[in-house]
1. Could you order peptides 16-26, 77-87, 150-160 by the average number of other Cβ atoms within 10 Å of their residues, highest first?
2. Give the long-range amide H neighbours of Ser108: residues separated by 5 or more places, or on another chain, with amide H under 5 Å away, using H modelled in the peptide plane at 1.01 Å from N.
Amino acid sequence: MGLFVRYGCDGWSPSYDSSTGEYLGEECDSYSNADGSQLSDWNESNCTEMEGELIPGSSSGVMFGISDPYCKMEFTTINTSSGEVILIYQMDGGLSLSSSCGGVSTISATDSSLTGREYWAVTGGAMDCSHTLYRDLTRDLSPETVSLDIWSIVYAIQDATVV
């Protein structure tokens, strides 16, 4: 089963094995198309069971190019003080790093930020910042598939002179 259910179930009925008559559980009778931008039309249990947050999609499809809701999985927050900078040496698994510095938030690094580079200096060295490591999961991923992914980051916090 995918992370989200694209179609809403209109009704459920018991299901039985045709050979043995054994009760198999409940089965959906009919489906109706869900409105991709409406959270109420989606099954968010897989997301919340993995301690993620279901984020509404955009009906225009502009928000990150995703029109359906998605599951935001936050892994950790790294705090830095003014005069410190995070240097990322390796980041894999579809991860992103968002930074909030002085009340302004931005996506400051993604896996692709490191392409062709030895390291990536994260935004915000002049201010106190909170950097959140996360991954957005789309509806095509199941918890079983997600658990097999290897997500990792190698970073250092370095003192820096900010002009």
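1. 77-87, 150-160, 16-26
2. Hits under the 5 Å cutoff: Leu97, Ser98, Ser99.
Values quoted throughout were computed directly from the atomic coordinates according to the rules given, and no laboratory measurement underlies them. Quantities reported herein were computed from a predicted structural model and do not represent experimental measurements. Because the Cβ atoms are built from the backbone with ideal geometry, glycine has one as well, and the counts that use them run over all protein chains shown.
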